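Notes follow once the structure below has been shown.
The values are calculated or read from the model by the stated rules, or taken from the named source; none is laboratory data. Note that this is a predicted model, so its numbers are computed, not measured. Counting neighbours? That spans all protein chains shown, and the Cβs are built from the backbone with ideal geometry, glycine included.
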Amino acid sequence: MSQTFRHPEILEIARREGKVTVEGLATHFGVTLQTIRRDLTDLAEAGRLERVHGGAVLTSGTTNIGYEERRSLNLAAKQSIARACAARVPNGISLFLNIGTSTEAVAQELLHHENLLVVTNNMNVANILVANPSCEIVVTGGQLRRSDGGLIGTLAAETIRKFKFDIAIIGCSALDTEGDLLDFDIQEVTVSQTILRQSRKTFLVSDHTKFARTAPARIASLADVDVFFTDSPLPRELVQSCRDWGTEVSIAED
């Protein structure tokens, strides 16, 4: 198989898994390690991947992956995480769901919940929950980000400050080894921080690929999260930190 055919498949594996390794790709394609190293170098020089020891990860930079690409990335894991999260949401409470494909997956799992008040700055979440007649929906308003249906800015934050939520369910663009939740858009970060202040309990939904990425703006720490729903064990250095912080880690089964 020529590199013309390998490169798209390498990118697809990286999007699905968050990271690719030289040895894993060499076995997958039946080629030498040196051939895969050249492929990864070519993709890194083209800005498609970022080289790390033993392989490569999706590029981090200062811009997020496109919405349609994010929606299909690691879809099965997001659905498993969403089911685990929704199972911990009781009926008859107030919720906030923020921007992101993981929170949209949670919205899908809430379609049979009853007597929920859901406030959101995510137009996609609102459109999903319209199908639940027992759910009251409040959309924050704010500046519409056309790329993903998110509402950001001062008006969104002002609306959020009018509420006190029983649970906030949030996502993030990246997680670092110190436990910091990261994002790309500073206006979205400001809104997310307001959500955390106005919530009695916070659930984070984020799959393992977020540990292979980085972003420039800090939202908060896992120390500020009550339950972290993910799909694989955390990096070793974070396990003890979460115990110290009292952050519960729930690993969803596929």
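Structure values in brief
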read-out: Single match in N124, N132 (criterion: in contact with a strand residue (DSSP E or B) (Cβ under 8 Å, 6 or more places away or on another chain) and at pLDDT 95 or above); value: N132
read-out: Filter pass, T101 being polar (S, T, N, Q), under 17 Å from the mean Cα position of the chain (by Cα), buried (at least 19 other Cβ atoms within 10 Å of the Cβ) and under 23 Å from L181 (Cα atoms); value: yes
read-out: Residue within region 109-127 that is of a type in the set (S, T, Y) and touching a residue at least 40 places away in the same chain (Cβ under 8 Å) present; value: no
read-out: Residue in region 133-152 that is farther than 30 Å from K19 by Cβ and in a helix (DSSP H, G or I) present; value: no
read-out: Positions within region 54-67 being buried (at least 17 other Cβ atoms within 10 Å of the Cβ) and at pLDDT 80 or above, in sequence order; value: G55, A56, V57
read-out: Residue among R70, R51 that is on the phi < 0 side of the Ramachandran plot and modelled with pLDDT under 75; value: R70
read-out: Region 232-244, residues that are surrounded by 12 or more Cβ atoms within 10 Å (Cβ to Cβ) and in contact (Cβ under 8 Å) with a residue 24 or more places away in the chain; value: S232, P235, L238, S241, C242
read-out: Conditions (1) touching a Ser or Thr at 6+ places or on another chain (Cβ under 7 Å); (2) closer than 28 Å to A223 by Cβ; (3) part of a helix (DSSP H, G or I): number failed by E104; value: (1)
read-out: Failed condition for E253, given (1) under 15 Å from the mean Cα position of the chain (by Cα); (2) closer than 20 Å to R16 by Cβ; (3) not hydroxyl-bearing (S, T, Y); value: (1)
read-out: Candidate set: region 172-214, residues that are part of a strand (DSSP E or B) and among the small types (G, A, S); chosen: the one nearest to R15 (Cα to Cα); value: A174
read-out: Residue within region 153-161 that is over 15 Å from the mean Cα position of the chain (by Cα), buried (at least 16 other Cβ atoms within 10 Å of the Cβ), part of a loop (DSSP other than H, G, I, E, B) and polar (S, T, N, Q) present; value: no
read-out: Candidate set: region 216-231, residues that are in contact (Cβ under 8 Å) with a residue 60 or more places away in the chain and assigned to a loop (DSSP other than H, G, I, E, B); chosen: the one surrounded by the most Cβ atoms within 10 Å (Cβ to Cβ); value: D231
read-out: Residue match in region 202-215 (condition: surrounded by fewer than 16 Cβ atoms within 10 Å (Cβ to Cβ) and over 29 Å from A56 (Cβ atoms)); value: no
read-out: Per-region count, region 162-177, residues touching a residue at least 24 places away in the same chain (Cβ under 8 Å) and over 14 Å from the mean Cα position of the chain (by Cα); value: 7
